Amino acid sequence: MEYDQDARPDRAIGIVGVSAPDNATRHDGAIVRIALAGLLAPRKTLPPSLFYDEEGCRLFYEITKLPEYYLTRTEFRLLETTAPEVAALLPVGTTLVEYGASDETKAGMLLRQTAASGTSVFGAYIPIDIAGPALAAMRDRMAEGNPGLTVLPVTADFLQPVVLPARTGEIAIMGFFPGSTIGNLEPEAAVAFLRRARATLGLDARFLLGFDICRDPGQLLPAYDDAAGITARFNRNLLVRLNRETGATFDLAGFAHRAIWNEAESRIEMHLVSLRAAAVTLGGQTIRFAPDETIHTENSYKYAPPRMRAMVEAAGWTRRDTWTDPDGLFAIWLLD
């Protein structure tokens, strides 16, 4: 589980239009189809994008503040020191394109950088996200605090081809993918995303990529199974949402949160474990669970630098500069 924004986790990706408002009808057809596709598979799964109803977002925010969850605070500290160095490598008039931008907190660390002349390095900001209302609110906020910055939101699923808006006066362009969101993608999907970003941004573009390099189970597992049980509530809330929005009949007391470190795949896995034999109805289908059978809800890959280097090179990028925190938990790479 990766968390990249102060408002919403990085994993709300890949599925457009499934989040229902509070007054949604009881049976949301899109969510029914998505849930059944995973729950009727030989190994049951649910996509992590279903985590993010209103309660899921609230619980996520709590997770980012937990003492066990090192990733958010580590990345923020590293980005604060890295942003001036990155900006110094860019010409005035650069456009910043952020993938998965639900708020401007991290981009703001870059956007406030100035050249020696005092001129802002970035002349335009293109945030890309599936949440149109959040993008509109962010544009309004930034218009007040950044009057010289052109903000051009794009409402889109960034795992699909994206068309950037027309710009004038652009000198250079840099993509930005913070929060170790790339760790939520399967490796093949991560390479495909980076390759599409290369095509979208152009061969002269640069790309600032964040990713989690911590591979110590002793530190990882508490971050995904905290003592206060917030992550467990976050995981089980997925079932609460299915009951509410699809009419499913999950007995919440019959499922427990489990986080495991899969050494062979170099990833944390989150599961919901059935504590007993159970039969659940959803969308007119009966889904049966054996005792200790799990629903696999999320992967969070942790990449050693050599593996990440191979991935970015397979996608057509070259590693230019790298930064890591003193404890070796998180990395930020500048690609070109």
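The values are calculated or read from the model by the stated rules, or taken from the named source; none is laboratory data. Here the structure is a predicted model, which means the values were calculated and not measured. In this analysis, Cβ positions are derived from the backbone assuming ideal geometry, glycine residues included, and neighbour counts consider all displayed protein chains.
Overview of results
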{"read-out": "Cβ pairs under 8 Å, 6+ apart, first in segment 239-267 and basic (Lys, Arg), second crowded, with 18+ Cβ neighbours inside 10 Å and part of a loop (DSSP other than H, G, I, E, B)", "value": "Arg241/Asp53; Arg258/Asp225; Arg267/Lys302"}
{"read-out": "Test result for Tyr3, at pLDDT below 95, among the aromatic types (Phe, Trp, Tyr), closer than 20 Å to Glu298 by Cα and part of a helix (DSSP H, G or I)", "value": "no"}
{"read-out": "Of the criteria (1) surrounded by fewer than 19 Cβ atoms within 10 Å (Cβ to Cβ); (2) in a strand (DSSP E or B); (3) of a type outside the set (Val, Ile, Thr), which one Ala124 fails", "value": "(1)"}
{"read-out": "Matching residues in segment 127-167 - criterion: being in contact with a Leu (Cβ under 9 Å, 6 or more places away or on another chain) and assigned to a helix (DSSP H, G or I)", "value": "Arg139, Met142, Ala143"}
{"read-out": "Test set (1) among the charged types (D, E, K, R); (2) buried (at least 19 other Cβ atoms within 10 Å of the Cβ); (3) over 14 Å from the mean Cα position of the chain (by Cα) - Arg73 fails condition number", "value": "(2)"}
{"read-out": "Among (1) surrounded by 16 or more Cβ atoms within 10 Å (Cβ to Cβ); (2) not in a loop (DSSP other than H, G, I, E, B) - the single one Phe250 does not satisfy", "value": "(2)"}
{"read-out": "Only listed residue being modelled with pLDDT of 95 or more, among the hydrophobic types (A, V, I, L, M, F, W, C) and closer than 22 Å to Gly328 by Cβ, chosen from Ala248, Ala190", "value": "Ala190"}
{"read-out": "Some residue of segment 168-186 being touching a helix residue (DSSP H, G or I) at 6+ places or on another chain (Cβ under 7 Å), of a type in the set (Gly, Ala, Ser) and not in a loop (DSSP other than H, G, I, E, B)", "value": "yes"}
{"read-out": "Every residue from segment 299-327 that is of a type in the set (Ser, Thr, Tyr) and either at pLDDT below 95 or within 25 Å of Leu90 (Cα to Cα) (or both)", "value": "Thr318, Thr322, Thr324"}
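Each row is one residue, and each column tells you yes or no for (1) outside the structural domain of Pro42 (by TED's automatic domain parsing); (2) of a type in the set (Ser, Thr, Tyr); (3) buried (at least 20 other Cβ atoms within 10 Å of the Cβ).
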{"position": "His257", "(1), (2), (3)": "no, no, no"}
{"position": "Glu263", "(1), (2), (3)": "no, no, no"}
{"position": "Ala278", "(1), (2), (3)": "no, no, no"}
{"position": "Leu282", "(1), (2), (3)": "no, no, yes"}
{"position": "Thr286", "(1), (2), (3)": "no, yes, no"}
{"position": "Ala290", "(1), (2), (3)": "no, no, no"}
{"position": "Glu293", "(1), (2), (3)": "no, no, no"}
{"position": "Ala314", "(1), (2), (3)": "yes, no, no"}
